[in-house]
Every structure is written in structure tokens, then in C-alpha cells.
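See below for the structure under consideration.
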Amino acid sequence: MFRQIRPAIVMIIVMTAITGLIYPLGMTGLAQLLFPHQANGSLIERDGTVIGSSLIGQNFTEDKYFHGRPSATTDTDPNDATKTVPAPYNAANSAGSNLGPTSQALVDRVKEDSEKLKAENPTAPIPVDLVTTSASGLDPDITPAAAEFQVPLVAKARNLPEAKVEAVVADMTQDRFLGILGEKRVNVLKLNLALDALAGSPR
């Protein structure tokens, strides 16, 4: 009987070794060799300290910083473990709001956000990505239009000419992949770091 089941046992052991050990280790080694930055999370450092990842958005709240898309991620309420509270860009709980177009909560939230944005820049149309959340809640990028919309507020908060801030936005705008795939985008964290780098430069 063992002669009949031995091939099955050997195959299980061999395939487990190949698919569970050799292949993962091989791919990890190749990734570290060919794409070390991406394989380690596309981390961004400043002064030797990791301050974020270019793949995960952050919740910037100060006027001197550009803001990303709204985030619908949540976390456990510290006062009641059975409830959740808003926790924008919570990387441990990636999710969308799951609210449909007929949801009154969604309508109210979009209206409230639109009113705030209109007060910041009354003369420009509001880009849709500044009032809609992404499916992950962690989107690190905004459209060039969303960045340009925020230029007046950021320039005023930093006491910089709008033209200078617009130039930084243009420099940080990434083109479509291979020129044809996806859309142009601006990484919010990288943009804000580029603005911080201007702090000591002549205006």
C-alpha cells in the first residue's frame, strides 16, 4: 500500500518546497536585487528617518500643506470597542465608505466638504477627487487639477508667490505610465516635502 501512496507524499513534499519555500525566497531575492526601493515599501526618508511611503497617503491638516483625497478609513473607538471612529489614512484598515449615491450621509459629507473648499478658492471649480474617497482610503496621489486648486491657500499660508508654488506642482506632476496608461498625478507627500525644501530658499 505504501508503494501506492508514496508518490503522492513525495509530490506534496516537493511541491510544498517549491511553491512554499524556493519560489517565494527566489522572488524576494530578485525583488531586493532589481527593485529594492519598491520591494521595501517605497519608503520616503528625511534626515535619516522614515516619514512615510509614496504608496500610502497621509492626513495633512495644516493650510501650508496640500491635502489628499478624503479618506473613509476608520479605527476602533478607544472609549467603546464595539464602535469605530473616523481615522483618515489608517493603513491598518484600508477600506472605502461603501456609501451609495442615494446615501444621505454621503450627500451631506460631500456638500460640507464642497462648502469648505469653495471658501478656500471661490473662483475655481472643485475637482471631483477632492470630495470623493478612493476605494482603499489610502490614495497617495491627487490630480493636477486638485493640486492647482489648492495653490492659493498653500501659497498664502507659506507666504510664497502663487507662481512659485505652481512651478513646484508642475515639477512634481508625474506623467502617464509609458505616456499612455493611467492619468497624470501628483504625489501629495512628495509635493509637500518639495515645498518644505523651499523654506530656506530665496523667495
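The values are calculated or read from the model by the stated rules, or taken from the named source; none is laboratory data. What you see is a predicted model; the values in this text were computed from it and never measured. With ideal geometry, Cβ positions are generated from the backbone for all residues, glycine too; neighbour counts draw on all protein chains shown. Side chains are part of the model used for accessible areas, which takes the heavy atoms of the whole protein and leaves out ligands, DNA and RNA. Shrake-Rupley method; radii C 1.70, N 1.55, O 1.52, S 1.80 Å.
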Reported set for the range 141-164 where residues are assigned to a loop (DSSP other than H, G, I, E, B) and modelled with pLDDT under 95 is Asn159, Leu160, Pro161
Legend entry - Qualifying residue in the range 126-136 (condition: without any contact (Cβ under 8 Å) to a residue 12 or more places away in the chain, over 21 Å from the mean Cα position of the chain (by Cα) and surrounded by fewer than 14 Cβ atoms within 10 Å (Cβ to Cβ)): no
### Query
Do we have Asn121 as exposed (fewer than 12 other Cβ atoms within 10 Å of the Cβ) and over 19 Å from the mean Cα position of the chain (by Cα) here?
no
Subset of the range 149-170, residues free of Cβ contacts under 8 Å to residues at least 60 places away in the same chain, surrounded by 19 or more Cβ atoms within 10 Å (Cβ to Cβ) and of a type outside the set (A, V, I, L, M, F, W, C), comes to none
Of the listed residues (Asp113, Asp75, Asp141, Asp108), the one being in contact with a Lys or Arg (Cβ under 6 Å, 6 or more places away or on another chain) and either in contact (Cβ under 8 Å) with a residue 24 or more places away in the chain or open to solvent by 70 Å² or more (accessible area, probe 1.4 Å) (or both) is Asp141
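To keep it simple, each residue is scored yes or no on (1) touching a residue at least 12 places away in the same chain (Cβ under 8 Å); (2) closer than 30 Å to Asn192 by Cβ.
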position	(1), (2)
Ile12	no, no
Thr16	no, no
Pro24	no, no
Pro36	no, yes
Gly41	yes, yes
Pairs returned, first residue in the range 43-65 that is over 30 Å from Glu120 (Cα atoms), second residue that is in a strand (DSSP E or B) and not aliphatic (A, V, I, L, M), beta-carbon separation under 9 angstrom, 6 or more apart or interchain, are Leu43/Gly52; Leu43/Ser53
Among Phe66, Phe60, the single one that is in contact with a His (Cβ under 7 Å, 6 or more places away or on another chain) and surrounded by 11 or more Cβ atoms within 10 Å (Cβ to Cβ) is Phe60
Being of a type outside the set (A, V, I, L, M), at pLDDT below 90, part of a loop (DSSP other than H, G, I, E, B) and surrounded by fewer than 18 Cβ atoms within 10 Å (Cβ to Cβ) is the requirement here; does Asn98 meet it? yes
Note: among Ala31, Ala92, just one is in contact with a strand residue (DSSP E or B) (Cβ under 8 Å, 6 or more places away or on another chain), of a type outside the set (Asp, Glu), without any contact (Cβ under 8 Å) to a residue 24 or more places away in the chain and not in a strand (DSSP E or B), namely Ala92
Restricting attention to the range 34-80, the residues that are within 26 Å of Leu130 (Cα to Cα), of a type in the set (Gly, Ala, Ser) and in a loop (DSSP other than H, G, I, E, B) number exactly 7
Val165 fails exactly one of (1) farther than 30 Å from Asn93 by Cα; (2) touching a Gly at 6+ places or on another chain (Cβ under 6 Å), namely (2)
If you go through Thr49, Thr84, the only one that is of a type in the set (Val, Ile, Thr) and exposed (fewer than 11 other Cβ atoms within 10 Å of the Cβ) is Thr49
Inside the range 173-199, the number of residues satisfying the requirement of being open to solvent by 50 Å² or more (accessible area, probe 1.4 Å) and part of a helix (DSSP H, G or I) is 1
